[in-house]
Ligand code: S3P
């Protein structure tokens, strides 16, 4: 897709949606913000919407209701987003683990997988306490093994794969535009 095709001047005018997937800390939110600023695309940050609607943080949702409850909210939100246009959808890291979710995200737009090395992930998230799966697990072995266990599903869901290590958000944004 040419750069001009994603440049938007009004509210949600672009029919081409981007769906960002990837492990925690691969930069989905940063890249979404970049597309919002540069191309006026609406950002749908799944975690943020779920937390707002439930009136509690993702960690609290996990603690009170368990992971499956949270996963069901993710699936319901994806289904709800089908009619949106001109958006960049930033999916929580676990979203592509469900086959149903992958089918839904493919209907929404081009699926872009962001990747990063475990060391980069740890560096980016060392001060973060909002990810229940990483709390008390911030070590290279845990991150590598969770990443390895998810890799096949991430790659199967992706239309495009972008490695983010050592790249600026502009470089990542441009690479996405070249490849979509
Ligand atoms: C999760 C990733 C998080 C959030 C939740 C679970 C995961 O989103 O949905 O903590 O299973 O990988 P980010 O990928 O935006 O951090």
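The values are calculated or read from the model by the stated rules, or taken from the named source; none is laboratory data. The model shown is predicted, which means the values in this text are computed figures rather than measured ones. Cβ: placed from backbone, ideal geometry, glycine included. Neighbour counts: every protein chain shown.
What to note about this one:
- Number of residues in segment 38-52 that are more than 12 Å from the ligand (Cβ to nearest atom), free of Cβ contacts under 8 Å to residues at least 40 places away in the same chain and closer than 22 Å to residue 128 by Cβ: the value is 1.
- Total residues in segment 14-42, condition closer than 23 Å to residue 125 by Cβ and part of a loop (DSSP other than H, G, I, E, B): 5
- The condition of being under 23 Å from residue 148 (Cα atoms) and either at pLDDT below 95 or surrounded by fewer than 20 Cβ atoms within 10 Å (Cβ to Cβ) (or both) holds for residue 103.
- Every residue from segment 57-98 that is under 23 Å from residue 37 (Cα atoms), in contact (Cβ under 8 Å) with a residue 40 or more places away in the chain, surrounded by fewer than 20 Cβ atoms within 10 Å (Cβ to Cβ) and out of contact with any helix residue (DSSP H, G or I) (no Cβ under 8 Å at 6 or more places or on another chain): 85
- Residue 71 being at pLDDT 95 or above and more than 13 Å from the ligand (Cβ to nearest atom): no
- Scanning segment 130-171 for residues that are outside any helix (DSSP H, G or I) and surrounded by 18 or more Cβ atoms within 10 Å (Cβ to Cβ) yields 131, 134, 158, 162, 164.
- Residues (modelled with pLDDT of 95 or more, under 27 Å from residue 40 (Cα atoms) and assigned to a loop (DSSP other than H, G, I, E, B)) located in segment 106-129: 116
- Residue list for segment 35-52, filter: closer than 19 Å to residue 81 by Cβ and in contact with a helix residue (DSSP H, G or I) (Cβ under 8 Å, 6 or more places away or on another chain): 35, 39, 41, 42, 43, 44, 45, 46, 47, 49, 50, 51
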